[in-house]
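For reference, the structure discussed in these notes is given below.
Readers should treat all values here as calculations from the given coordinates under stated rules, not as data from a laboratory. Keep in mind that this is a model prediction, so the values were computed, not measured. Cβ placement follows ideal geometry from the backbone for every residue including glycine, while neighbour counts extend to all protein chains displayed.
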Amino acid sequence: MSSRTGVVCHNLYKEHLAGSPHVESPERLQVIYDMLDAADMAGKFLSVSPRPATHDELAWVHSHSHIERVAATEGKAHVSLDPDTQTTPLSYQAAKLAVGGLFSLVDNIFDGSIENGFALVRPPGHHAERDQAMGFCLFNNVALGARYAMNTYGVKKILIIDWDLHHGNATQNSFYTDPDVLYFSTHQYPYYPGTGGLREAGDGDGTGLTVNVPLSPGYGDGDFFKIFEQILSPIASTFEPELIFVSAGFDTYVGDPLGGMKVTPQGYAAMTRLIMDLAKQYASGRVAITLEGGYHLTGLRESVKAVLKELVGDSVLTPSNLEALEKGTAPPIVDDVIQVQEPYWPTL
């Protein structure tokens, strides 16, 4: 039986920042790829081959000047595009292949080869603005993936869920006035990049289609579960997405060096389960996940593993895990978000 879950892996992704001292290092992928090769995981997933995105495709989200600026770094030992964001000789090639990895995942979902999948790519993407690389990101993988699904498969309604520690400023900006994309983000706030306030809720035709859940440090599995259950689920049930993307950052992990959250692998599995339930109900099970942050190597490996196991139906969650999450109390931020969003989503 072929797996219903695809994974995108490629050695070129490890060439970005190879040999450079940077927290967003090739080791992040190496630990994940090694985990996939281990006896308990090998053979469970369909391998999806990425292809590079073209300049015309990148231009769905980015300006030509930005694309050329990144392209001009090719073959150069070291270029600094912003204080946090550097390139090495193969970064531009890796970045095009990261975007194309998500495209290939979407292709495999729509041709029926798989139901869901995880693009285990780098560089990450959700901070890359139309005209600017920032926050370790060169091109916006998830925003481009959404445009690809719309342009290639005629998808009308897309939900993007961003659980990275940092707010996906550029993803929000890409769709802030777009009536066809619902962007939902949980993030530490105020923190880099400084966007994602409670009242940032979309504009024009996109009013009410940006949902921000800004969090102070210290939130864990139960809090995230309740936020997803009480805010995301009712809103998504009204919106009825045809495809769900996840910007999966694992820097909310309990030991992450850049974060102050307390999420464990079970927490990521529980969020994934809620997302899969929504996908089954509205999107024929279609979920495309892409890797964003996460800098504690052991935490990253175990958390990605928990998400993958959930996708393939081999959950790390026990009935008592779920019961504890269900019985938990919602953090106060839930009421604050509902107050802002209720005018647009009466189901809240």
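Things to note:
- Kyte-Doolittle at least 0.5, axis length at least 20 Å by Cα - qualifying DSSP helices, the chain: 91-110
- Rh by Kirkwood over Cα pairs, then Stokes-Einstein D for the stretch 60-151 at 1.002 mPa s and 20 °C, µm²/s: 159 µm²/s
- Distant-in-sequence amide H partners of ASP162 (H built 1.01 Å from N, under 5 Å): PHE184, SER185, THR186, SER247
- Distance from the stretch 73-136 to the stretch 230-309 (C-alpha centre basis), Å: 19 Å
- Judged by the mean number of other Cβ atoms found within 10 Å, the most tightly packed of the peptides 109-116, 96-103, 304-311, 143-150 leads the ranking 96-103, 143-150, 304-311, 109-116.
- Near-label residues of the stretch 204-224 by backbone N, under 18 Å of a point 7 Å along Cα→Cβ of ASP335: 213-216, 223-224
- Most to least packed among 220-226, 255-261 [average Cβ atoms within 10 Å]: 220-226, 255-261
- Residue with peak Gaussian network fluctuation, the chain [Cα springs, cutoff 10 Å], from ALA71, ALA53, ALA288: ALA71
- Computed over the alpha-carbon pairs of the chain, the distance histogram in 20 Å steps reads 34, 61, 5 percent, short to long.
- Under 5 Å, built H, 5+ apart or other chain: amide partners of SER63: ASP131
- Estimated inter-spin distance, ASP131 and SER20, nm [label 7 Å along Cα→Cβ]: 2.3 nm
- In this Cβ point-charge picture (+1 for Lys and Arg, -1 for Asp and Glu), the chain has a dipole of about 520 debye about its Cα centre.
- Rounded to whole Å, sorted largest first: equivalent-ellipsoid semi-axes of the stretch 121-181, Cα gyration tensor: 20, 12, 11
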